[in-house]
Every structure is written in structure tokens, then in C-alpha cells.
Amino acid sequence: MVQVIGSGKACVEPRVSRVVGWGAHSQTGRDLQLQQIVTAALGLSELSFAAIRMTNANGYWLAAEAGLDAVNLRRVRSFCARALARREPMMVWDTQADARFALSPLVLSKPGIRFYASVPLFDAAGYNVAALCVGGANARTNFSQIHDLVRLAHRAERYVGH
């Protein structure tokens with residue numbers, strides 16, 4: 001069961017203190033199981049990238065990613081950070097038309113992200129401690145694969161110790 005905290009957004013202080021188990025996953029290398037999850041997410045439907053961004057008391061890191069070069073790997077963190085403040089999946093149909101993303105280098109230059117979706121990942125206590133994020137080069141009006149993305153997010157939660 002998901003615990004809603006305050007306004008329904010993730011609460012930073014309690015969340016950071018609750019992610020000890022999640023923090024045990026490597027901040028330097030890529031985890032094979034999480035890498036398989038983002039690879040599966042990338043294959044959902046004409047997507048350019050997929051990533052899992054995690055958090056613990058020491059900060060944020062990408063635990064797994066697919067489809068990003070070194071420059072864009074650093075930039076995608078700002079996209080995924082938005083998911084860490086949410087309790088539900090987020091979809092941005094056209095990043096160029098959304099003030100939160102329109103000026104991002106990921107939108108304005110290579111890889112030209114136009115569609116973005118993310119699903120928050122929760123620990124066993126209901127705190128949002130990570131996000132599975134995907135993006136693509138084409139704006140959309142629908143993303144029927146959101147249910148598949150949610151299933152992949154649940155798989156990541158189970159693996160990391162939900």
C-alpha cells in the first residue's frame with residue numbers, strides 16, 4: 001500500500017532517512033537487473049532513452065540507463081528529478097509545449113526529447129526513492145505502454161527490496 005505524505009508529494013527528509021536498503025545498490029557501476037529493466041523500458045515504443053534515477057542520504061545517481069551518451073546522461077538527471085517529487089506516473093506529451101522542459105538542452109538539441117514519461121518507485125514504507133524515466137524524439141497524444149512501464153517500475157521495486 002502506498003502511503004501518501006502531506007500534499008501527496010514525496011517528503012524529502014523522511015525519504016532520505018528511509019532509503020538505506022536502496023542506497024546499498026552501486027552508485028558507481030550499473031546494476032545488471034536494473035539495466036535489464038531499463039533496456040525493456042527502452043523497447044516499449046519508439047523511445048530514445050530509459051533510466052532509473054535513485055536517491056539516498058548521499059544524493060542522486062543513475063542506477064541504470066540506456067540510449068544516452070555521456071553529455072546527455074548528465075542532463076537527463078533534471079528530467080528524472082521531477083519524477084522524484086511525484087506520487088503518480090507523469091507523462092509530458094510534448095516537452096516543447098511544457099514550460100518545465102521547453103528550455104532543456106535535451107529538448108532543444110540532441111537527442112531532441114519531445115515525449116517524456118516517468119514512474120516513481122517506492123520503498124516498503126511508501127517513500128518515493130527512485131524513478132523509472134523514459135523519453136522519445138516524437139511528441140505524442142497517447143502512451144498506451146504506460147501500464148507496461150508501471151509493471152517494470154514494480155519489478156524494480158521488488159528487486160531493490162520493496
Index of the failed condition, residue 159 passing every other in (1) touching a Lys or Arg at 6+ places or on another chain (Cβ under 9 Å); (2) at pLDDT below 90: (1)
Tell me the helices (runs of 4 or more DSSP H) entirely within segment 10-86 that contain at least 2 residues that are modelled with pLDDT under 90. 12-17, 20-23, 70-83
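Take residue 148 and tell me if it is at pLDDT 90 or above, out of contact with any strand residue (DSSP E or B) (no Cβ under 8 Å at 6 or more places or on another chain) and acidic (Asp, Glu). First the steps, then the outcome.
On the way: at pLDDT 90 or above: yes; out of contact with any strand residue (DSSP E or B) (no Cβ under 8 Å at 6 or more places or on another chain): yes; acidic (Asp, Glu): yes.
When the stated conditions are applied, residue 148 passes them.
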State whether one or more residues within segment 90-112 are at pLDDT 80 or above, assigned to a loop (DSSP other than H, G, I, E, B), of a type outside the set (D, E, K, R) and under 17 Å from residue 159 (Cα atoms). no
Of the residues in segment 113-145 that are among the β-branched types (Val, Ile, Thr) and touching a strand residue (DSSP E or B) at 6+ places or on another chain (Cβ under 7 Å), the one that is nearest to residue 54 (Cα to Cα) is 129
Pairs, first free of Cβ contacts under 8 Å to residues at least 40 places away in the same chain and surrounded by fewer than 17 Cβ atoms within 10 Å (Cβ to Cβ) in segment 88-104, second in a loop (DSSP other than H, G, I, E, B) and of a type in the set (Asp, Glu), C-beta under 9 Å, six or more apart: none
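The values are calculated or read from the model by the stated rules, or taken from the named source; none is laboratory data. Note that the structure is predicted; figures quoted are calculated from it, not measured. We place every Cβ from the backbone using ideal geometry, glycine too, and count neighbours over all the protein chains shown.
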